[in-house]
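Nothing in this text is a laboratory measurement; each read-out follows from the coordinates by a stated rule. Here the structure is a predicted model, which is why all the values come from computation and not from measurement. Backbone-built Cβ (ideal geometry, glycine too); neighbour counts: all protein chains shown.
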Amino acid sequence: MRPERLHHVYNVRDPQIEGPVVYWMGRERRVADNPSLLYARSLALERNVELHIVFCLVPTFLDATIRQYGFMLRGLEEVDRDLRELGLGLRMLLGTPDAVLIPFLHEVRPSIVITDFEPLRIKRLWLSQVTEALPCPIAVVDSHNIVPVTVASPKQEYAAATLRPKLRRLLDDWYDDMGEGSDAPWTGRRSQIPAVNWSTVWSSLRVDTSVAEVDWLSPGEKGAKGALQKFLRRLETYAEGRNDPTLHAQSDLSPYLHFGQISAGRIVREVRTLTASDPKLSASSEAFLEELIVRRELADNFTHYNDRYDSFDGLPSWAQQTLDEHRSDRRDYLYTPDQWEAASTHDELWNAAQHEMIRTGKMHGYMRMYWAKKILEWSASPEEAMATAIYLNDKYELDGRDPNGYVGVAWSIGGLHDRPWFERPVYGKIRYMNAAGCARKFDVKAYIRSQSSNALFSR
Ligand SMILES: Cc1cc2nc3c(=O)[nH]c(=O)nc-3n(C[C@H](O)[C@H](O)[C@H](O)COP(=O)(O)OP(=O)(O)OC[C@H]3O[C@@H](n4cnc5c(N)ncnc54)[C@H](O)[C@@H]3O)c2cc1C
């Protein structure tokens, strides 16, 4: 692993080299293509010490429901099985890191802890609590971004246009540094790892069970690889079809990427290999890699460098100003939180998108923009609109509570990474969208029909 992938190393002043290496798995919940795991393995081998891999399961997390917890836990069960086959294993610690990880670390007295880079505030808080309480070094590895976020740019970028050239310059140097070999059989010191009691794990959850798990995609690394293979077979349709919610042209990889069940580097490699053998895929491949690399890494850039990523104060100043100037504009409709959630607006298209999210856990990407912009148009203030969109997104989307989600909401409602457009009521200079624009892109009636029946699109 290239040393620049180490995002930060804390507590370096007093290193001891005797104890085991601990990999505190966070965002990267996979065995294959995992630079954090690869680094932890190489240190344990070099020092000839045991390697412990731990995951801290908190009983509730940022409005996540059984839909998201189920997807994550089923993936972790697979991680545990796969690690045991390699001669390793997973320890599940039930509780918050300060309550359960810190005592565990005091007990095993590691020489170093390796963990995953995560930009969200709550994850940073956990990291700082653990760092303060630990006597050993703790190294944070950016295994999420192909070009690590701090290498790509030292500051918050204005837009895709400013990050894109920086990434382009660096990408070729980083493609081969995505953790290949992290799933090799373990040849280092063995330790006794108690079997995980998964029924105790499941019963430790304190989450909303009214939002059901979905069965149209299978959680875990194998499910992710299967979804990728299916997508590669329809890659050719991506460039033309990705903005049409009546087609199935998007990859459906966001839940797997969000839960760290597949590495973006692996996806890029497979897309590039296929495209090299079939040049007619190049337009789709380019369009897809723009989303997967530039847009996704831009979201990590924003959440890493801007602590206010989910609020009005985090928006660009031109956007705050224009939204402020239109605060007292008359709204044609105003909805209560219950009306939004129940998809009871006057607009059939908006309701269909909300239904798609509630039912499948994945609203089509094009509809997400329309959906969030209408929440701005029909809410009393931009703050209320952001809070509503984030609440619904995080509760129902499988890929919610992700930098991409906070950025998607801030882009739609608050002009983030966008530019000022023509001024109009309520929106000010924020880019506008309406149903007529959607009708020019796709068959709106067919989309509405599909979401009011119980049939899923042929996923
Ligand atoms: C209001 C709003 C909310 C959103 N909420 C989320 C969310 O909670 N989680 C989430 O992962 N994405 C979110 N997005 C971004 C985008 O809509 C989804 O990533 C995409 O629709 C996921 O489907 P896919 O994997 O089939 O996408 P594909 O089109 O196949 O794209 C492949 C991958 O590229 C990345 N990507 C695609 N579009 C974007 C984008 N606009 N910004 C950043 N990365 C992108 C994702 O990792 C995605 O999995 C949101 C966008 C908006 C406008």
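Structure summary
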| item | result |
| --- | --- |
| Number of the condition not met by I358 [criteria: (1) under 19 Å from D332 (Cβ atoms); (2) more than 10 Å from the ligand (Cβ to nearest atom)] | (1) |
| Failed condition for S210, given (1) surrounded by 17 or more Cβ atoms within 10 Å (Cβ to Cβ); (2) more than 14 Å from the ligand (Cβ to nearest atom); (3) of a type in the set (S, T, Y) | (1) |
| Odd one out for D313 among (1) free of Cβ contacts under 8 Å to residues at least 40 places away in the same chain; (2) not in a helix (DSSP H, G or I) | (2) |
| Verdict on A353 being in a helix (DSSP H, G or I), among the small types (G, A, S), closer than 20 Å to D418 by Cα and within 12 Å of the ligand (Cβ to nearest atom) | no |
| Residue match in segment 271-291 (condition: under 23 Å from Q68 (Cβ atoms) and surrounded by 15 or more Cβ atoms within 10 Å (Cβ to Cβ)) | yes |
| Test result for W371, within 18 Å of C438 (Cα to Cα), surrounded by 22 or more Cβ atoms within 10 Å (Cβ to Cβ), more than 10 Å from the ligand (Cβ to nearest atom) and among the hydrophobic types (A, V, I, L, M, F, W, C) | no |
| Of residues in segment 293-306 being of a type in the set (A, V, I, L, M, F, W, C) and within 19 Å of R401 (Cβ to Cβ), the one nearest to the ligand (Cβ to nearest atom) | A299 |
| Answer residue from segment 17-35, given it is farther than 23 Å from Q192 by Cβ and over 16 Å from the mean Cα position of the chain (by Cα) and is surrounded by the most Cβ atoms within 10 Å (Cβ to Cβ) among those | P35 |
| Residue match in segment 231-249 (condition: among the aromatic types (F, W, Y), more than 14 Å from the ligand (Cβ to nearest atom), farther than 26 Å from V31 by Cβ and in contact with a helix residue (DSSP H, G or I) (Cβ under 9 Å, 6 or more places away or on another chain)) | no |
| Any pair with Cβ under 8 angstrom, 6 or more apart, that starts in segment 401-418 at a residue that is of a type in the set (V, I, T) and ends at one that is within 8 Å of the ligand (Cβ to nearest atom) | V407/L298; V407/A299; V409/A372; V409/A389; V409/N393; I413/A372; I413/A389 |
| G226 more than 12 Å from the ligand (Cβ to nearest atom) and free of Cβ contacts under 8 Å to residues at least 24 places away in the same chain | yes |
| First in segment 266-281 and farther than 22 Å from D33 by Cα, second anywhere and among the charged types (D, E, K, R), Cβ under 9 Å, 6 or more apart | D278/E236; K280/E236; L281/E236 |
